Amino acid sequence: MNRADFVHLVRLSEHASADDSLGYRRGVAFFAALGYLWVFACLAVAVGIILWVVGGLGQGGRFTFTRGWLMLFAFGLLWATLRALWVRLEEPEGVELRREDAPGLFEALDRIRQRIDGPPVHRVYLDSDFNASIRQLPRYGLFGGAINYLNVGLPLLMALDRRRLVSVLAHEYGHLRGNHGKLSAWIYRTRLSWLKLDANFQRDDGLMAFASQAFFRWYFPRFAAKTFALARQDEYEADRVAARLLGTRVVAQALKEISIKSAWYADRFWPGHWARAIDEPVPVGPFSSLAPKFCAPVEEDFARSALRGALRSISDVDDTHPVLRDRLEALDEKSALPSWSSKSALALLDDAPKWIAHFDAEWCSGHANDWKQHHAYLVRVRERVAALTASAGRNNADEMVEWADCARRLDAEADVRALYERALQITANHAGALRGLAQVLPARDRGPRLAVLERLHESSNASQWWAARTAVSILEDPDAGAHDERSLKLWRERAKTAEAAEQRAWEEMTATPCFAQIARHDLSEFELGELRTDLVRSSAIARAWVVRKNLREFPWRRAYIVFIELPGLTDDERWSLCRELEQTLSLPGAALVLWAGHSPTLAEIERHAFGAVWTRAAS
């Protein structure tokens, strides 16, 4: 099923839900049962064949080749079906908490359960994610009762005060409430079971696996589309449950604070923590330093920018969670900056320092080799900065830009404006210097920044999209004062034109075979180091390859295909990670990210992609 058909089915499910909620839910339950019907039909066929063959033999028939083949097929089908009925799902990751480990947390859960009359949370786990989630997993394969698992992230406990953290727990608990919650939870468990079953069949080569793969290729996209509106409604209902318990203002404040602090956590904290590797040859635990930083207010300019970016997001079919704007509107709350939590919720744990030390040690152990590689890279960058500093009077424009970029890599706040300006004196309209200068000029210097972007747009075809997008962002920033409507209109038109060209380039990248029109990558040592830094932070990636994609329509356009090896993930998880990396990898051009799987295979990548550019060191 292509994306357009999937979106169409999602919209139909949304309309059906709006027109007749009860009828829609019955339809969802019926379609979910269709998957069970397939399994039982296979079981019936297997048992029927076995009984027919055994019955024929009991009446004096001979054991022929045909009957032997049918028995072999039937037992294979029976085994595969029984395995499907007893599919096992992995428990959540983290450390299981006992009541004595977190009496305050368990007390809060007891109160929430009592007030909403919900089922018990059987197991509570503490992990290192900036998140909280609740999952229902079946006890006995596809059948039997469910076990409720709650995961709470240590960083989330650091970021929110007690009431806001409890509102998050109430939202998660809200997914289990009442009959609607039971249906949603059953649908969720069913989807997990089908995904696990499909993954099992993909590893098999038998006839049963082939038939099941064909069925699930038809069934899964339709199941996901038909249940989409139910999952989206469930998120709104969970917000309403939390609001009834703690008030809409507390829920809204928590949503906004999480959105802003998660952006700060990703964009400021982790880059800063990894930057410590230049002076620390062995890993440093992140969470001991995170706790006091999360208690401090987020810098206002960053907070406004992060909140504005979150509010610009539009709900789509890639995620059943509504975006922040839609959730605030449903709560009838404003989108202004939140007040900050003045005290963390770490007191819900009996011995918070013990858990901080535990996750610090776990992180250091898991990232020891990556940290050493990054330390060696930063030392090389520092040595390169020293060499470029020593040859300052002889540097050409490219070297001045490299000097500035390397200095910013070592210290994001380094004052390198003069280096970019010197590069422009050597080579007027040097694209790298113009781009760097636009980034380091003060955010409130709107005029000078726009002038630099104008030069970049006019002198570099490859940078037009970035220049236009950056200019529109600057002009739309209300914190920089009133904007020029004519200028904003002009840049929006330029952005639209550049976006159309980018789309054509992207279509050429994705429509042509992945190994067609490729060459060895042209990344500089600095650019390759930046890419490796990004890869180090994504713990799921084992190896990576990069090739240059030569675009016929845009021969001047730098474009890349990144192949990654992702062992231990489902195809859904691989797809999501690849789409995320396409937006976040530090590459000087568009990047299509593909994983080693069915197409392309790992063997094809190793044969055609010119060798891996990065391999995760064994722990």
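The values are calculated or read from the model by the stated rules, or taken from the named source; none is laboratory data. Since this is a predicted model, take the numbers as computed values, not measurements. Neighbour counts run over all protein chains shown; Cβ positions are idealised from the backbone, glycine included.
Condition first: without any contact (Cβ under 8 Å) to a residue 40 or more places away in the chain and surrounded by 12 or more Cβ atoms within 10 Å (Cβ to Cβ). Now tell me which residues in region 286-298 satisfy that. Scanning region 286-298 gives SER289, LYS293.
Filtering region 575-600 to residues that are of a type outside the set (Val, Ile, Thr), part of a helix (DSSP H, G or I) and surrounded by fewer than 19 Cβ atoms within 10 Å (Cβ to Cβ) leaves TRP575, SER576, LEU577, CYS578, ARG579, GLU580, GLU582, GLN583.
Which of the following residues is closer than 23 Å to ARG249 by Cβ, of a type outside the set (S, T, N, Q) and touching a residue at least 60 places away in the same chain (Cβ under 8 Å): ALA330, ALA368, ALA361, ALA357? Give the derivation first.
Details: ALA368 fails: closer than 23 Å to ARG249 by Cβ; ALA361 fails: closer than 23 Å to ARG249 by Cβ; ALA357 fails: closer than 23 Å to ARG249 by Cβ.
None of the other options fit; the residue is ALA330.
Keeping to region 228-269, report how many residues are closer than 30 Å to VAL536 by Cα and out of contact with any Pro (no Cβ under 8 Å at 6 or more places or on another chain). Counting residues in region 228-269 that are closer than 30 Å to VAL536 by Cα and out of contact with any Pro (no Cβ under 8 Å at 6 or more places or on another chain) gives 10. For region 481-491, filtering for residues that are under 31 Å from the mean Cα position of the chain (by Cα) and either surrounded by fewer than 16 Cβ atoms within 10 Å (Cβ to Cβ) or at pLDDT below 90 (or both) leaves 0.
Here ALA516 clears all of (1) of a type in the set (A, V, I, L, M); (2) under 21 Å from HIS430 (Cβ atoms); (3) without any contact (Cβ under 8 Å) to a residue 24 or more places away in the chain except the condition numbered (2). Exactly one residue out of THR510, THR470 is within 31 Å of the chain's Cα centre (by Cα), assigned to a helix (DSSP H, G or I), β-branched (Val, Ile, Thr) and surrounded by 15 or more Cβ atoms within 10 Å (Cβ to Cβ), and it is THR470.
For region 150-185, filtered to residues that are modelled with pLDDT of 90 or more and not in a helix (DSSP H, G or I), the residue that is surrounded by the most Cβ atoms within 10 Å (Cβ to Cβ) is VAL152. Screening ALA306 against (1) in contact with a helix residue (DSSP H, G or I) (Cβ under 8 Å, 6 or more places away or on another chain); (2) without any contact (Cβ under 8 Å) to a residue 60 or more places away in the chain; (3) in a loop (DSSP other than H, G, I, E, B) leaves a single unmet condition, (3).
Taking the stated definitions as given, is ALA347 touching a Lys or Arg at 6+ places or on another chain (Cβ under 8 Å), surrounded by fewer than 20 Cβ atoms within 10 Å (Cβ to Cβ) and either of a type in the set (S, T, N, Q) or over 25 Å from LEU531 (Cα atoms) (or both)?
Values: touching a Lys or Arg at 6+ places or on another chain (Cβ under 8 Å): yes; surrounded by fewer than 20 Cβ atoms within 10 Å (Cβ to Cβ): yes; either of a type in the set (S, T, N, Q) or over 25 Å from LEU531 (Cα atoms) (or both): yes.
Yes; evaluated as a whole, the condition is true for this residue.
One residue is enough: does region 494-504 have a residue meeting the conditions closer than 20 Å to ALA559 by Cβ and over 27 Å from the mean Cα position of the chain (by Cα)?
Of the residues in region 494-504, the ones closer than 20 Å to ALA559 by Cβ are 495, 497-504.
Remaining after also requiring over 27 Å from the mean Cα position of the chain (by Cα): 497.
Among the residues of region 494-504, at least one is closer than 20 Å to ALA559 by Cβ and over 27 Å from the mean Cα position of the chain (by Cα), which makes the answer yes.
Reported count of residues in region 234-248, each being charged (D, E, K, R) and at pLDDT 90 or above, is 3.
Does ALA277 meet the test of being crowded, with 19+ Cβ neighbours inside 10 Å, farther than 30 Å from ARG380 by Cβ and not assigned by TED's automatic domain parsing to the domain that holds LEU585? The answer is no for ALA277.
Kindly indicate whether ARG492 is in a helix (DSSP H, G or I), among the basic types (Lys, Arg), within 22 Å of GLN583 (Cβ to Cβ) and not assigned by TED's automatic domain parsing to the domain that holds CYS406. No, not satisfied. Here ALA603, ALA612, ALA544 are screened, and the one residue that is of a type outside the set (Val, Ile, Thr), at pLDDT 90 or above and part of a loop (DSSP other than H, G, I, E, B) is ALA612.
So that you can scan it fast, the table gives a plain yes or no per residue for (1) modelled with pLDDT under 85; (2) assigned to a helix (DSSP H, G or I); (3) among the β-branched types (Val, Ile, Thr):
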| position | (1), (2), (3) |
| --- | --- |
| ALA32 | yes, yes, no |
| VAL39 | yes, yes, yes |
| ALA44 | no, yes, no |
| VAL53 | yes, yes, yes |
| GLY60 | yes, no, no |
| THR66 | yes, yes, yes |
| LEU105 | no, yes, no |
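All conditions in (1) in a helix (DSSP H, G or I); (2) farther than 23 Å from HIS374 by Cβ hold for PHE515, with the sole exception of (1).
In region 225-234, of all residues being surrounded by 20 or more Cβ atoms within 10 Å (Cβ to Cβ) and not basic (Lys, Arg), the one that is farthest from ALA330 (Cα to Cα) corresponds to ALA225. From the list ARG249, ARG232, the one residue that fits, being in a helix (DSSP H, G or I), at negative phi and either hydrophobic (A, V, I, L, M, F, W, C) or under 23 Å from the mean Cα position of the chain (by Cα) (or both), is ARG232. If a residue has to be touching a Phe, Trp or Tyr at 6+ places or on another chain (Cβ under 8 Å) and farther than 20 Å from ALA467 by Cβ to count, how many in region 401-418 make the cut? Final tally of qualifying residues: 3.
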